[in-house]
Amino acid sequence: MSAVIHADEASFKELVEDHAGVVLVDFWGTGCPPCKLLSPIIDELAVEYEGRARIVKLDVYEQMGPAMTYHVSTIPTLIVFKDGEVKDRRRGAASKDVIRDWIESHLSLEE
(Lines give C-alpha, C1' and ligand atoms only; values in the text may rest on other atoms or scores of the structure.)
Protein backbone atom coordinates (compact mmCIF):
# COMPACT_ATOMS: atom_id res chain seq x y z
CA MET A 1 0.00 0.00 0.00
CA SER A 2 1.37 3.37 -1.00
CA ALA A 3 1.73 6.18 1.51
CA VAL A 4 1.64 8.82 -1.23
CA ILE A 5 -1.19 11.33 -0.85
CA HIS A 6 -3.01 12.60 -3.92
CA ALA A 7 -4.00 16.22 -3.44
CA ASP A 8 -6.50 18.39 -5.24
CA GLU A 9 -7.05 22.13 -5.08
CA ALA A 10 -9.43 21.78 -2.13
CA SER A 11 -7.08 19.64 -0.02
CA PHE A 12 -3.73 21.25 -0.95
CA LYS A 13 -3.82 23.88 1.80
CA GLU A 14 -4.55 21.34 4.54
CA LEU A 15 -2.12 18.70 3.24
CA VAL A 16 0.79 20.98 2.38
CA GLU A 17 0.52 24.60 3.50
CA ASP A 18 -0.91 23.88 6.97
CA HIS A 19 1.28 20.83 7.68
CA ALA A 20 3.95 21.09 10.39
CA GLY A 21 7.02 19.36 9.02
CA VAL A 22 8.54 18.43 5.68
CA VAL A 23 6.33 17.84 2.65
CA LEU A 24 7.57 16.85 -0.80
CA VAL A 25 5.09 17.75 -3.54
CA ASP A 26 5.36 16.12 -6.96
CA PHE A 27 3.69 18.40 -9.51
CA TRP A 28 3.09 16.00 -12.39
CA GLY A 29 0.79 15.35 -15.33
CA THR A 30 -0.72 12.26 -16.93
CA GLY A 31 0.66 13.03 -20.40
CA CYS A 32 4.24 13.63 -19.25
CA PRO A 33 6.77 10.83 -20.00
CA PRO A 34 9.34 11.98 -17.38
CA CYS A 35 6.51 12.12 -14.83
CA LYS A 36 5.67 8.49 -15.59
CA LEU A 37 9.31 7.52 -14.99
CA LEU A 38 9.37 9.41 -11.70
CA SER A 39 6.02 8.15 -10.40
CA PRO A 40 7.14 4.74 -9.04
CA ILE A 41 10.12 6.39 -7.36
CA ILE A 42 7.84 8.88 -5.61
CA ASP A 43 5.53 6.03 -4.56
CA GLU A 44 8.46 4.08 -3.07
CA LEU A 45 9.80 7.13 -1.25
CA ALA A 46 6.36 7.82 0.21
CA VAL A 47 6.43 4.40 1.85
CA GLU A 48 10.02 4.87 3.06
CA TYR A 49 9.33 8.27 4.58
CA GLU A 50 5.93 7.55 6.10
CA GLY A 51 5.92 9.16 9.53
CA ARG A 52 8.97 11.33 8.76
CA ALA A 53 7.95 13.34 5.70
CA ARG A 54 4.69 13.68 3.81
CA ILE A 55 4.79 12.88 0.08
CA VAL A 56 2.04 14.52 -1.99
CA LYS A 57 1.26 14.28 -5.71
CA LEU A 58 -0.75 16.88 -7.59
CA ASP A 59 -1.82 16.39 -11.22
CA VAL A 60 -1.39 19.85 -12.74
CA TYR A 61 -3.64 19.03 -15.69
CA GLU A 62 -6.58 18.48 -13.35
CA GLN A 63 -5.62 20.84 -10.50
CA MET A 64 -4.02 23.99 -11.90
CA GLY A 65 -4.49 26.32 -8.91
CA PRO A 66 -1.56 25.25 -6.71
CA ALA A 67 0.69 24.87 -9.75
CA MET A 68 -0.04 28.47 -10.73
CA THR A 69 0.39 29.71 -7.15
CA TYR A 70 3.85 28.14 -6.92
CA HIS A 71 4.88 29.08 -10.49
CA VAL A 72 5.24 25.52 -11.75
CA SER A 73 5.91 25.90 -15.47
CA THR A 74 7.66 22.58 -16.13
CA ILE A 75 6.70 19.09 -15.07
CA PRO A 76 7.73 17.16 -13.24
CA THR A 77 8.60 19.73 -10.61
CA LEU A 78 9.31 18.68 -7.04
CA ILE A 79 8.95 21.25 -4.27
CA VAL A 80 9.94 20.75 -0.64
CA PHE A 81 7.81 22.62 1.88
CA LYS A 82 8.64 22.88 5.56
CA ASP A 83 5.95 24.13 7.92
CA GLY A 84 4.03 25.41 4.90
CA GLU A 85 6.87 27.39 3.33
CA VAL A 86 8.72 26.57 0.11
CA LYS A 87 12.28 25.56 0.94
CA ASP A 88 13.59 24.12 -2.34
CA ARG A 89 12.55 22.93 -5.80
CA ARG A 90 13.82 20.65 -8.56
CA ARG A 91 12.68 20.35 -12.15
CA GLY A 92 12.74 17.14 -14.15
CA ALA A 93 13.16 13.53 -13.23
CA ALA A 94 15.94 12.33 -10.93
CA SER A 95 17.09 9.04 -9.48
CA LYS A 96 15.70 7.65 -6.25
CA ASP A 97 19.06 8.18 -4.52
CA VAL A 98 19.22 11.83 -5.57
CA ILE A 99 15.69 12.53 -4.35
CA ARG A 100 16.27 10.57 -1.13
CA ASP A 101 19.43 12.62 -0.40
CA TRP A 102 17.49 15.80 -1.13
CA ILE A 103 14.70 14.85 1.29
CA GLU A 104 17.24 13.82 3.92
CA SER A 105 18.99 17.20 3.65
CA HIS A 106 15.72 18.93 4.55
CA LEU A 107 14.88 16.48 7.33
CA SER A 108 18.32 16.96 8.89
CA LEU A 109 17.66 20.70 9.09
CA GLU A 110 14.75 20.11 11.45
CA GLU A 111 16.56 17.71 13.77
Legend entry - Within segment 16-25, tally of residues that are among the aliphatic types (A, V, I, L, M) and in a loop (DSSP other than H, G, I, E, B): 1
Legend entry - Subset of segment 26-85 (residues that are loosely packed, with under 12 Cβ neighbours inside 10 Å, touching a Phe, Trp or Tyr at 6+ places or on another chain (Cβ under 8 Å) and assigned to a strand (DSSP E or B)): none
Inset, instruction - Would you check which residues across segment 1-25 are under 20 Å from residue 102 (Cα atoms), in contact with a helix residue (DSSP H, G or I) (Cβ under 9 Å, 6 or more places away or on another chain) and exposed (fewer than 13 other Cβ atoms within 10 Å of the Cβ) and list them? - result: none
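For every residue, the table says whether it meets (1) in contact with a strand residue (DSSP E or B) (Cβ under 6 Å, 6 or more places away or on another chain); (2) modelled with pLDDT under 95.
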{"position": "9", "(1), (2)": "no, yes"}
{"position": "17", "(1), (2)": "no, no"}
{"position": "21", "(1), (2)": "no, yes"}
{"position": "44", "(1), (2)": "no, no"}
{"position": "56", "(1), (2)": "yes, no"}
{"position": "73", "(1), (2)": "no, yes"}
{"position": "78", "(1), (2)": "yes, no"}
Inset, instruction - Test residue 99 against the criterion of being of a type outside the set (Lys, Arg), surrounded by 20 or more Cβ atoms within 10 Å (Cβ to Cβ) and touching a helix residue (DSSP H, G or I) at 6+ places or on another chain (Cβ under 9 Å), and give yes or no. - result: yes
Legend entry - Cβ pairs under 8 Å, 6+ apart, first in segment 76-95 and under 11 Å from residue 21 (Cα atoms), second among the acidic types (Asp, Glu) and in a loop (DSSP other than H, G, I, E, B): 84/18
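The values are calculated or read from the model by the stated rules, or taken from the named source; none is laboratory data. Bear in mind the structure is a predicted one, so any value in this text is a computation, not a measurement. So basically every Cβ, Gly included, is an ideal-geometry build from the backbone, and we count neighbours across all protein chains shown.
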